[in-house]
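Undergrad: One structure, pasted below without further comment.
The values are calculated or read from the model by the stated rules, or taken from the named source; none is laboratory data. Predicted model, so just to flag it, every value in this text is computed and none were measured. Cβ atoms come from the backbone with ideal geometry, glycine included; neighbour counts cover every protein chain shown.
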Amino acid sequence: MSEEQEVVTVVKSPIYLKYNFTAGAAPARFLAQLKKGKLTGQRRAEPGAPVYSPPRGSCPASGRPTEQEVELSDKATVQSFTIVYIPIPGNAIEPPFVVANLVADGANISFIHLMSECDNADVHIGQRVQAIWKPEEEWDYSMDNIRYFKPIDEPDVPVEKIGKLSVTGQED
């Protein structure tokens, strides 16, 4: 290689991934309920069957339909979390912020959402949180109707009980 040629060691190239999502019947019902300010899940029509939220229409363990709709609380328990230090385009919350896997009261499976109104160092597994919703006039068919979840003054849920409690607080 001659001295006139420069070695290229870095190339910066933005990447954009655009997705089109078409909801099936179960996610469409879930999104319609979110537009009304309600979190829902689904389960098989068998006693003690787990509640999945957001629902996909079938049980991932058995493949059987999850046709029984269950209304859930907008309170949840932190199952796991991470502190994000990199900004997300379009996100109004400045880093560092917490993204958590949350199990809604009455559900058995977690979903991912933001946490705010808390000191990131105080977030912990088993912590109780509640949804902070956008103003109703801004609601759409989206999980973004919930701005974030914030900690509430309720006792922690023991790790071994997370995802095992029903709406009534009884084990499924």
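Undergrad: Identify, please: which residue in the stretch 101-125 is surrounded by fewer than 14 Cβ atoms within 10 Å (Cβ to Cβ) and without any contact (Cβ under 8 Å) to a residue 24 or more places away in the chain and is, among those, nearest to Ala26 (Cα to Cα)?
TA: Ile112
Undergrad: Right, here's the next one. Given the criteria buried (at least 18 other Cβ atoms within 10 Å of the Cβ) and in contact with a Cys (Cβ under 8 Å, 6 or more places away or on another chain), does Val98 qualify?
TA: Details: buried (at least 18 other Cβ atoms within 10 Å of the Cβ): yes; in contact with a Cys (Cβ under 8 Å, 6 or more places away or on another chain): yes.
Answer is yes for this residue.
Undergrad: Please report, ordered by residue number, the strands (runs of 3 or more DSSP E) entirely within the stretch 59-159 with at least 3 residues that are within 15 Å of the chain's Cα centre (by Cα).
TA: Output list reads 75-84, 97-104, 111-115, 128-133, 146-151.
Undergrad: A follow-up question, please. Of everything in the stretch 22-41, what is over 22 Å from Gln130 (Cβ atoms) and not aliphatic (A, V, I, L, M)? Give them in sequence order.
TA: Thr22, Gly24, Pro27, Arg29
Undergrad: Among the residues that make up the stretch 50-62, is at least one of them among the aromatic types (Phe, Trp, Tyr) and surrounded by fewer than 17 Cβ atoms within 10 Å (Cβ to Cβ)?
TA: Taking the stretch 50-62 as the starting set, the residues that turn out to be among the aromatic types (Phe, Trp, Tyr) are 52.
Retained after the next criterion (residues that are surrounded by fewer than 17 Cβ atoms within 10 Å (Cβ to Cβ)): none.
No, the stretch 50-62 contains no residue that is among the aromatic types (Phe, Trp, Tyr) and surrounded by fewer than 17 Cβ atoms within 10 Å (Cβ to Cβ).
Undergrad: Still on this model: Looking at (1) of a type in the set (A, V, I, L, M, F, W, C); (2) touching a Leu at 6+ places or on another chain (Cβ under 9 Å); (3) farther than 26 Å from Ala49 by Cβ; (4) at pLDDT below 95, can you tell me which one Trp139 breaks?
TA: Only one criterion is unmet by Trp139, namely (4).
Undergrad: Let me confirm something: among Gln5, Gln42, Gln33, which residue is of a type in the set (S, T, N, Q) and either on the phi > 0 side of the Ramachandran plot or assigned to a helix (DSSP H, G or I) (or both)?
TA: Gln33
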